[in-house]
Structure formats: C-alpha cells, structure tokens
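All remarks here apply to the structure that follows.
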Amino acid sequence: MILSEKKAGILLHVTSLPSSHGIGDLGSACKEWLDFLVKTEQQYWQILPIHPVGFGESPYQSFSAFAGEELLLDPEWMREKGYLTSSELKNTPIFDDEVVDYQKIGEWKEKLFYQAFLRFRKESGANDFAQFCEQHKDWLDDYALFRAIKKKEKERPWHQWPEKLKKRDSQVIRQFSEENVELIQYYLFLQFCFFMQWQKMKKKYTEQNIKIIGDLPIFVAHDSADVWANSQLFDLKEDGTPRVVAGVPPDYFSVTGQRWGNPHYKWNEMKKNHYNWWSRRLEHLLTMVDIIRIDHFRGFEAYWEIPEEEITAKNGRWIKAPGDELFKELKKQYSSLPLIAEDLGIITPSVRALKKKFGLPGMKILQFSFYPGLKKRERPYEYEKNTFAYSGTHDNDTLVGWIQTEAQENKSIALRIKKQHGIDVYDNVEKTCWALLEVLFSTNAGVVIVPMQDYLCLGSEARMNYPGTIANNWRWRVKKEAIGDEFLAVKIKQLTTKLNRFRKKRN
C-alpha cells in the first residue's frame with residue numbers, strides 16, 4: 001500500500017465513544033462519531049482490536065482473533081429488531097460517562113441479551129442466522145463452544161478444564177454440546193447480532209468515504225478459542241500451558257522489558273498448509289475494516305522468546321521468524337497489502353527491508369521524535385511520505401501528559417523543540433499541544449492520526465494504557481459534549497484544511 005495524497009484521521013476506540021449504555025456501541029454512538037469525522041474533514045477512523053476482551057479487559061488479550069466484542073452491541077438495535085421491548089430498556093442503569101465499568105456493563109447486558117436471545121429463538125424465520133453460522137463455521141463453532149465451556153467451568157482458563165474437555169475429546173465434546181445446546185446457541189446469536197450491526201455501521205462509513213483502520217495483534221491470548229481449537233499451531237507443553245511466551249527485551253522505556261505472556265506460534269506447522277490460519281484471519285478482518293495496523297510488525301522478522309517460568313522479559317532470546325514467506329503467501333490474495341507496519345521499538349535493517357519489500361507504510365510517533373541521539377530519519381522534518389504519523393498511540397501518554405513530564409523535565413527535548421520548531425514547552429500547555437499538532441500535520445507523512453485525547457488537550461488521566469500494567473487500563477471515555485463541541489470541530493477542520501489534509505471531493 002503506497003500513500004499518495006496527504007490525509008488525516010482520529011484514533012478513538014469504539015469502547016470510548018459516548019453512549020447511555022456505559023460503553024461505546026455500534027448504533028447511535030458510531031453514527032454521531034461519523035458525523036464528527038465528516039464535519040472535521042477526517043478520512044480515517046482508527047480503532048483498537050474489536051474482539052471479546054479477556055484478561056485485564058485488554059483488547060490485545062482476547063478470547064478470539066475472529067469474534068466480535070459482544071459488549072459493543074447496541075440494545076436499541078435489538079429493540080428495533082423486536083428482540084427486546086421498550087419497557088425492558090427503561091431500567092437502564094446510570095453508568096459513569098468518563099470510564100468503562102466492564103463488570104457492571106457486562107452483568108447488565110448479559111441479562112438483557114439473554115432475554116433478546118430467548119425471544120429470537122421463538123422466531124420462525126431464522127434464515128439469516130443459519131446462513132451466518134454456515135458462512136463463519138470455520139471459527140464460530142469453536143468460539144461458541146469455547147465460551148459455553150468457560151461459562152460452565154466458572155471462567156477458568158481452558159488449560160485448567162477437565163482433561164477430556166481440555167484435549168477436545170470428540171465424545172466428551174459431543175456430549176457437552178448436546179447437553180448445552182441453548183448456551184452454545186446464545187453465543188452464536190451474539191456473534192450474529194454483532195456482525196449484523198457492524199456491517200450496517202460500516203456501510204454508513206463507506207458511503208461517507210471514511211476508511212476504518214483496524215488493529216491486528218501479532219500474537220493471540222493463550223486463553224482463547226484460537227489456541228484451544230488449534231493447539232498444534234502453538235508452542236505448548238503437554239499440559240496446555242505455553243513453553244515459551246512473547247514479549248520485548250529491555251529498552252529505554254523499561255529496564256526489565258515487557259513480558260506479554262502470549263504463546264508463540266509453531267511456524268513450521270503453519271507453513272505446512274501455506275499459513276492458512278493467517279490468511280483466514282486477515283481475510284476475515286478485512287471484511288470489517290479497510291486497512292489493518294499490524295501490531296509488533298518486527299515480530300515477523302524475529303521475535304523475543306521468553307521461557308515461560310521467567311517473570312520478566314530480561315532473559316529471552318531473538319528467534320528468526322518466516323515473515324518473508326508469510327507475506328508472500330498473503331500477497332497472493334491482494335495486489336497491494338492493505339497493511340500498516342507498526343515498526344516501533346528495536347528496529348533492525350532486516351525489519352526495515354521486510355517492510356520495504358512488501359511496500360508497507362510504517363509508523364512514526366511525534367513524542368518519540370525529539371529525544372537526543374536519534375537518527376535523522378526519526379525527526380519530524382524527515383518523515384517519509386509512505387508513513388502513518390501519530391502524536392501518540394494507545395500505549396503513550398497523552399500529548400499534554402508528555403509535555404508536562406518528558407518535554408518539560410528533559411532539557412534537551414525542550415531545547416530541540418524550541419530551536420527547531422519555535423515552540424516553548426513551558427508556555428500554556430494547551431497552546432503548546434496545538435502547536436505540536438501543527439508540527440505533525442506539517443510533516444511529509446502521507447497520513448497523520450491524532451488520538452481524540454490530544455485534540456481535547458487532556459492530561460495523563462485520559463491515557464488509554466500503561467504498558468506492563470494490568471489495572472485501570474482501556475477504560476477512558478470521551479464525553480458526549482466533546483463530540484458535539486462546534487468550536488472544537490471547527491478548530492480541527494481548520495488545522496486539517498490549512499495543511500492540505502482535507503477530504504477531496506470525489507468525481
């Protein structure tokens with residue numbers, strides 16, 4: 001994928017959208033957000049992974065690499081379809097409009113959705129449902145079964161289930177399925193609703209020429225339907241636990257590195273059927289989004305392997321990965337791979353060569369561009385055209401948070417910004433934030449993406465994630481007033497238009 005015209009977009013996960021249901025949803029929340037994007041001359045909406053969140057509510061530790069997050073379902077859509085009644089929606093709890101309370105929302109929506117499912121079951125015309133289940137059976141059946149067993153096993157991870165369920169003994173699986181038809185059907189129903197809602201939403205974005213950038217984590221969660229159903233593709237011990245786990249080595253930002261805990265792939269096994277699991281995964285996600293950000297792209301060239309018993313990432317080693325072979329297989333499906341390489345961290349010439357060979361745009365982060373000792377290509381005035389440039393990502397502090405800490409406390413950063421861009425980081429912080437956003441928009445990068453928190457000039461309290469921690473991440477929500485703020489919309493539009501990143505009229 002080669003970027004030609006200059007464009008702009010906003011990073012805001014679906015969960016962060018304002019709604020009366022405690023979490024962003026695929027109904028009116030997405031519609032109001034679409035209006036905001038059009039009004040501000042944006043052409044991209046970037047989101048995080050949209051799969052069912054597991055451990056720590058992290059979208060990067062999901063129960064499935066294919067299923068959709070059921071909490072994003074809009075109950076109003078279910079009412080319109082006749083699955084819920086107006087009276088059943090009257091007693092909606094009052095939710096916090098600043099943070100997502102996953103437990104409270106989950107408990108309320110589960111009761112609501114099960115009622116919708118029971119009403120749906122009584123319908124005679126379920127052709128669309130049957131067609132959906134058939135179309136997605138290669139992952140859907142395993143996912144629904146996995147969730148049903150987890151429910152019965154009190155949400156224990158699959159490697160702690162009874163041995164025959166853990167090992168997918170065909171007779172035991174058949175018996176469980178026969179005894180739990182309703183529960184399995186419930187999880188099928190939720191996925192049916194999710195994909196119906198998603199496609200309805202996506203159609204509106206396509207009509208307005210807004211492209212959605214999805215996110216594909218390189219690794220999947222150990223406690224997932226993917227690993228349970230395809231254990232031969234993952235590097236596991238006999239008891240089902242990982243032999244080695246994924247992460248990254250120590251660097252400037254972490255003296256112990258990051259131990260993510262995901263299992264590694266058995267790449268030799270995947271090679272036997274031409275990386276079919278990866279082909280299916282990519283093809284499936286591209287039915288939902290227009291472009292995919294490949295998280296931790298460098299892991300396709302070489303990955304950091306950590307012994308499972310290690311509690312930090314320090315004692316790992318680099319292992320060569322078959323990225324070249326994999327992308328050759330994927331290239332057979334697409335004339336131009338619609339992928340963004342998240343090429344941050346320890347990037348070697350081999351990683352850059354892999355990205356270049358397949359014509360993938362990379363990423364630049366404005367916050368990382370002012371540190372001493374960087375190569376020239378890392379500075380804002382040297383960003384390449386085929387680049388997606390960000391003020392920050394979900395893993396960074398907000399731009400204001402960064403200004404108030406790193407930029408103001410590190411004199412070399414403050415001096416560089418002052419000398420090269422004429423910006424005083426000790427000035428009014430909101431003024432500084434917008435001045436730095438103008439620097440970003442002025443770069444040669446084909447696309448610039450700004451997290452919504454940075455347009456709102458919010459501090460560290462609005463940060464989405466603190467890498468390496470578990471508690472209180474992935475919860476931030478934008479307030480409804482911000483989406484309706486005409487002054488803010490005009491300001492974003494002016495910045496976008498001034499620097500020639502506005503929406504060009506189609507013929």
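List of remarks:
- The set of residues in segment 453-483 that are among the small types (Gly, Ala, Ser) and modelled with pLDDT under 95 comprises Gly468, Ala471.
- Selection within segment 311-342 - crowded, with 16+ Cβ neighbours inside 10 Å and farther than 23 Å from Lys385 by Cβ: Thr312, Ala313, Gly316, Ala321, Pro322, Gly323, Leu326, Glu329, Leu330
- Asn127 being at pLDDT below 95 and either under 15 Å from Ser20 (Cβ atoms) or surrounded by 21 or more Cβ atoms within 10 Å (Cβ to Cβ) (or both): no
- A Cβ distance below 9 Å, combined with a sequence gap of six or more or placement on separate chains, defines the contacts here; from segment 363-377, residues that are closer than 14 Å to Leu437 by Cα reach residues that are in a strand (DSSP E or B) and among the hydroxyl-bearing types (Ser, Thr, Tyr) in the pairs Lys364/Thr387; Lys364/Tyr390; Ile365/Tyr390; Leu366/Tyr390; Gln367/Tyr390.
- Candidate set from segment 187-240 (those that are in contact with a Pro (Cβ under 8 Å, 6 or more places away or on another chain) and without any contact (Cβ under 8 Å) to a residue 60 or more places away in the chain); member that is surrounded by the fewest Cβ atoms within 10 Å (Cβ to Cβ): Asp235
- The lone exception for Val425 - which of (1) buried (at least 19 other Cβ atoms within 10 Å of the Cβ); (2) part of a helix (DSSP H, G or I); (3) among the hydrophobic types (A, V, I, L, M, F, W, C) it fails: (2)
- For segment 38-63, residues that are hydroxyl-bearing (Ser, Thr, Tyr) and either buried (at least 24 other Cβ atoms within 10 Å of the Cβ) or not assigned by TED's automatic domain parsing to the domain that holds Trp198 (or both) total 2.
- Of everything in segment 378-392 that is buried (at least 22 other Cβ atoms within 10 Å of the Cβ) and in a loop (DSSP other than H, G, I, E, B), the residue that is farthest from the chain's Cα centre (by Cα) is Tyr383.
- Candidate set: segment 359-377, residues that are out of contact with any Gly (no Cβ under 9 Å at 6 or more places or on another chain) and within 22 Å of Asp290 (Cα to Cα); chosen: the one surrounded by the fewest Cβ atoms within 10 Å (Cβ to Cβ): Gly359
- In this structure, Glu155 qualifies as exposed (fewer than 12 other Cβ atoms within 10 Å of the Cβ), within 24 Å of the chain's Cα centre (by Cα) and outside any helix (DSSP H, G or I).
- Residues in segment 86-108 that are in contact (Cβ under 8 Å) with a residue 24 or more places away in the chain and outside any loop (DSSP other than H, G, I, E, B): 7 in all.
- There is no residue in segment 298-310 that is surrounded by 15 or more Cβ atoms within 10 Å (Cβ to Cβ) and at pLDDT below 95.
- Within segment 493-504, residues that are part of a loop (DSSP other than H, G, I, E, B) sit with their Cβ atoms under 8 Å from residues that are among the basic types (Lys, Arg), at 6+ positions apart or across chains, in these pairs: Leu499/Lys6; Asn500/Lys6; Arg501/Lys6; Arg501/Lys7; Phe502/Lys493.
- Within segment 1-16, residues that are at pLDDT below 95 sit with their Cβ atoms under 9 Å from residues that are surrounded by 20 or more Cβ atoms within 10 Å (Cβ to Cβ) and among the charged types (D, E, K, R), at 6+ positions apart or across chains, in these pairs: Glu5/Arg501.
- Look at segment 435-463: where a residue is without any contact (Cβ under 8 Å) to a residue 60 or more places away in the chain, no partner that is of a type in the set (Phe, Trp, Tyr) sits 6+ places away or on another chain with Cβ atoms under 6 Å.
- From Ile347, Ile340, Ile403, residue being under 26 Å from Gln46 (Cα atoms) and part of a helix (DSSP H, G or I): Ile403
- Residue that is nearest to Ile2 (Cα to Cα), among those in segment 358-377 that are part of a helix (DSSP H, G or I) and over 25 Å from the mean Cα position of the chain (by Cα): Arg377
The values are calculated or read from the model by the stated rules, or taken from the named source; none is laboratory data. Values in this document were obtained by computation on a predicted structure and should not be read as measured data. Here the Cβ is made from the backbone with ideal geometry for all residues, glycine too, and neighbour counts use every protein chain on show.
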